[in-house]
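Data block below; observations after.
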Amino acid sequence: MTNNRIGIAAAALMAMSITLPATVKSQPAEVYPARNIRMIVPFPPGGSNDIMGRYFAQYLTEQLGKQVVLDNRPGADGIIGTEIVARAAPDGYTLLVASAAHAVNGGTRKLPFDPVNSFAWAAMLGLGPSVVSVHASLPVNNIKDLIAHGKANPGKLVLSTSGGYAHFTAELFHHMSGMKLIVVVYKGGFPAMLDTMAGQTQINIGALVQTIPHLKGGKLKALATTGLKRAGPTPELPTVAEAGIPGYEANNWWAVAAPAGTAAGIVNKINAESLRFLKQPDIVKRLQADGVEPDPRSPEDIRKFMPVEMAKWANVAKVANIRTQ
């Protein structure tokens with residue numbers, strides 16, 4: 001009797017050992033996202049990364065049914081916040097809003113992460129120019145006026161900008177204009193612009209998307225945009241190249257990345273949402289009003305784009321003799 005009971009128990013244990021793995025495998029995988037997502041902006045609030053990140057975060061929140069929360073982590077020209085994402089768990093719950101500053105850092109600095117391979121590139125949101133603007137009291141109305149005024153007052157005009165891409169854009173402008181300016185680098189584009197609006201600095205080069213809302217206040221005077229062609233919301237403004245510095249061109253861009261190793265299914269889901277985001281008529285209208293052209297790309301296309309951008313800014317650093325710390 002006892003032997004029969006032992007045999008039955010052993011048979012039951014064997015059955016469990018055989019059927020248990022099958023039961024585990026049959027359980028459904030976690031549907032992404034199952035909880036809120038943190039989207040890190042490696043610059044202060046108010047700048048172009050912050051604005052573009054908020055647009056996309058709001059859309060994702062509505063579409064995915066989970067809160068996408070922006071987390072501003074400024075410092076070291078965007079490196080501090082970017083490193084947080086590079087070292088985060090590759091589970092899709094920590095994302096990065098990257099921009100041209102990422103490629104500038106990758107092409108000109110030794111970084112604590114690989115600027116391309118430490119990330120799973122998920123979405124490209126758009127590209128857009130910066131704008132050269134001056135304090136309203138400065139007696140200039142165009143780029144040629146500014147260059148003449150700057151050359152007549154060497155070392156007296158202060159140009160405010162943020163780090164990374166914006167710093168390189170400003171230094172390239174400084175180099176190609178022939179003026180002797182004092183270039184002051186701020187922790188973010190918005191603080192840099194505010195000091196020009198307050199008259200603490202005389203010139204600002206910042207993203208058009210962050211500058212447009214403040215051009216009607218009378219404290220800033222826009223002179224030119226930095227792209228290859230005139231920007232849609234400001235067709236009256238010439239490009240810097242048109243206005244007096246032939247060959248000058250600089251465009252910013254904004255992308256979203258996850259840590260390397262993030263599952264392809266999650267990356268593809270974010271990419272698919274970005275493609276839908278950039279097809280919404282109201283969103284396209286809003287972006288274009290801010291001077292941003294939608295630029296949908298696949299994850300593979302974004303990955304190929306990064307080394308090309310890094311090489312471009314490395315060359316700018318060499319030509320303009322820009323030194324990074």
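Consider Thr324 carefully, then state whether it is surrounded by fewer than 20 Cβ atoms within 10 Å (Cβ to Cβ) and more than 16 Å from the chain's Cα centre (by Cα). Answer is yes for this residue. Is it true that Ala166 is under 30 Å from Asn271 (Cα atoms) and either surrounded by 24 or more Cβ atoms within 10 Å (Cβ to Cβ) or under 17 Å from the mean Cα position of the chain (by Cα) (or both)? When the stated conditions are applied, Ala166 passes them.
Residues in region 156-197 that are without any contact (Cβ under 8 Å) to a residue 24 or more places away in the chain and of a type in the set (Gly, Ala, Ser): there are none. Note on region 108-138: residues that are touching a His at 6+ places or on another chain (Cβ under 7 Å) and surrounded by fewer than 16 Cβ atoms within 10 Å (Cβ to Cβ) total 0.
Among the listed residues Gly247, Gly265, Gly232, identify the single one that is small (Gly, Ala, Ser) and either within 30 Å of Arg109 (Cβ to Cβ) or without any contact (Cβ under 8 Å) to a residue 40 or more places away in the chain (or both).
Working: Gly265 fails: either within 30 Å of Arg109 (Cβ to Cβ) or without any contact (Cβ under 8 Å) to a residue 40 or more places away in the chain (or both); Gly232 fails: either within 30 Å of Arg109 (Cβ to Cβ) or without any contact (Cβ under 8 Å) to a residue 40 or more places away in the chain (or both).
One residue alone meets the criteria, Gly247.
Test Lys285 against the criterion of being without any contact (Cβ under 8 Å) to a residue 12 or more places away in the chain, within 12 Å of Met124 (Cβ to Cβ) and out of contact with any Gly (no Cβ under 6 Å at 6 or more places or on another chain), and give yes or no. It is false that Lys285 is without any contact (Cβ under 8 Å) to a residue 12 or more places away in the chain, within 12 Å of Met124 (Cβ to Cβ) and out of contact with any Gly (no Cβ under 6 Å at 6 or more places or on another chain). Sort out which residues of region 242-265 are hydrophobic (A, V, I, L, M, F, W, C) and over 22 Å from Ser99 (Cβ atoms), and write them in order of number. If the condition is that a residue be hydrophobic (A, V, I, L, M, F, W, C) and over 22 Å from Ser99 (Cβ atoms), then Ala243, Ile245, Ala263, Ala264 are the ones that fit. Of all residues assigned to region 262-270, none qualifies as being outside the structural domain of Val183 (by TED's automatic domain parsing), part of a strand (DSSP E or B) and of a type outside the set (Lys, Arg). Taken over region 235-244, the criterion of being surrounded by fewer than 18 Cβ atoms within 10 Å (Cβ to Cβ) and without any contact (Cβ under 8 Å) to a residue 24 or more places away in the chain is satisfied by Pro235, Glu236, Glu242.
The residue that is nearest to the chain's Cα centre (by Cα), counting only those in region 296-321 that are of a type in the set (D, E, K, R) and surrounded by fewer than 18 Cβ atoms within 10 Å (Cβ to Cβ), is Arg303. Of the residues examined, Pro90 is one that is in the same structural domain as Lys312 (by TED's automatic domain parsing), in a loop (DSSP other than H, G, I, E, B), over 24 Å from Gly189 (Cα atoms) and not hydroxyl-bearing (Ser, Thr, Tyr). Of all residues in region 244-261, those being part of a strand (DSSP E or B) and either more than 21 Å from the chain's Cα centre (by Cα) or over 29 Å from Leu223 (Cβ atoms) (or both) number 4. If you go through region 72-99 and keep only what is touching a Phe, Trp or Tyr at 6+ places or on another chain (Cβ under 8 Å) and within 21 Å of Glu309 (Cβ to Cβ), you end up with Gly78, Gly81, Thr82, Glu83, Val85, Ala86, Leu96, Val97, Ala98, Ser99.
The values are calculated or read from the model by the stated rules, or taken from the named source; none is laboratory data. Keep in mind it's a predicted model, so treat the numbers as computed, not measured. Every residue, glycine as well, gets a Cβ built from its backbone with ideal geometry; the counts of neighbours run over all protein chains shown.
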